[in-house]
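Please read the structure below before turning to the comments.
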């Protein structure tokens, strides 16, 4: 009996992944829950375990292929199943076969691959096929552009999911197609046909800068690692590989960057747009990472969807800083974690969200969904882009638990080890641009949330206190909110309550 291995659910708003590494090859025996391969999304790395014990029969998706949720990755022949063909031990003869007869070598069969309409964006359900760049029978390379679709918002290019030959074109130029519909078919592999990496066949072509050599064996580095090395100008020689057979993983590149790896003296050349000769040698073109593409798309979608508005206030940080300085040593001694400002801001936001619940709600169609809990998103910068890990049930946490959770999530974010579950379900977000020196900014909403608080740099400023000018440590606060659900009164009230709680932290203890 054969068992299929499919792409697992990748998480909220994530519809595709790249096959980064196969840990097994066809013919290898596998145990239940043994890791078969690793997928990379624009947010995290996902490991795919074996659902059964048996023998890996066929790899359907090769390393570097882009696959959708529930796509077929491989098949496993369970123990006791000889597979599609009976294997005859060397020297033995099948019944009825003469000794002098030799089986003809099996011909590689072409694999049919569907070319589908990609996700077109929020609220966009259909598109028009504007141009086909290829015709039936043309050979195509993986990621080569096949056609262009036009929606009422943007143009969408459709790349080839693998190398092969374009088959039947089902949607002609001018046809209207729905999201998820089939555009065409193509054949991948097979005798005389190109293939990105034939299933079950190790790739032997040397790729400059992308392979290591472990005892004469070629090893393909993880695609995300190669991309990051190219972006950051890091030489492979400066990276310590920890992957299987000496494979460089994305984590290894991040570790090399954090330890101060030198940029490669000869980075991979990047394609250039036409430019004056005097400027051409001073330009560099680098393809956006999938994480950066997703960040760009989500932020733009947020602007296009929400009626976003920002209100501002300022907070005198004198009392919080005094309280922190008084108890920070005792706090760290007892709880084993430093007392920072984020726990105060988290507590203050939780306090304010209880009074103004619409800031902690979201719109679902024509409904408003109020959350009777606070899953606090804490925006964090990483070497590859912005991520927002979520502190779940922050409203039920102590200062110490909040600080420990933030420290743990921050470390995972920097190391690229956040799981999808740890970045989902947030109801409100705090973004601290002050750590980078920002004095004032307007944060963008993290959809489908309706509010985000922007913290900024603490700066001494002259303030009028009881008729006298005093120098006080001041911070500007910014609350961006979705005006479709949050009125101006509610937004201003929320920010005032945060200000009051921080200027007199005793209010947090007494729930005032």
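Counted residue by residue at 0.36 nm each, then reduced by the alpha carbon distance between them, the extension gain from residue 1 to residue 145 reaches 48.0 nm.
Could you calculate the FRET efficiency of residue 314 with residue 373 from 1/(1 + (r/R0)^6), where r is the beta carbon distance between them and R0 is 22 Å, rounded to 0.05? The value I calculate is 0.15. The ranking of 125, 75, 185, 429 by Cβ neighbour count inside 10 Å, starting from the fewest, reads 125, 185, 75, 429. Starting from the Cα of residue 53, move 7 Å in the Cα-to-Cβ direction to define the label point; list residues of the stretch 2-39 whose amide nitrogen is under 17 Å from there. Hits in the stretch 2-39 for residue 53 at 17 Å: 2-3, 28-36.
How much length would be gained if the chain were fully extended between residue 303 and residue 71, taking 0.36 nm per residue of separation minus their Cα-Cα distance, in nm to one decimal?
On the way: separation 232, 0.36 × 232 = 83.52 nm, distance 3.19 nm.
So the extension gain works out to 80.3 nm.
Does the stretch 362-402 come out rounded, prolate or oblate, given a ≥ b ≥ c as the square roots of the eigenvalues of its C-alpha gyration tensor, rounded meaning a/c under 1.5 and, failing that, prolate meaning a/b above b/c? Note, shape of the stretch 362-402 comes out oblate. Peptides 411-421, 359-369, 53-63 ranked from most to least packed, by the mean per-residue count of other Cβ atoms within 10 Å: 53-63, 411-421, 359-369. Is the shape of the stretch 314-428 rounded, prolate or oblate, going by the alpha carbon gyration tensor and its root eigenvalues a ≥ b ≥ c, with a/c under 1.5 for rounded and a/b larger than b/c for prolate? The shape class here is oblate.
Fully extending the segment from residue 326 to residue 282, taken as 0.36 nm per residue of separation minus the present Cα-Cα distance, adds 10.6 nm. Legend: calculated FRET efficiency, residue 9 to residue 157, from the Cβ-Cβ distance at R0 = 30 Å, rounded to 0.05, equals 0.70.
Read-outs throughout are calculated quantities, based only on the coordinates presented, and are distinct from any laboratory measurement. Everything quoted here is computed from the prediction, not taken from an experiment. A quick note on method: Cβ atoms are made from the backbone with ideal geometry, for glycine too, and the neighbour counts reach across all protein chains shown.
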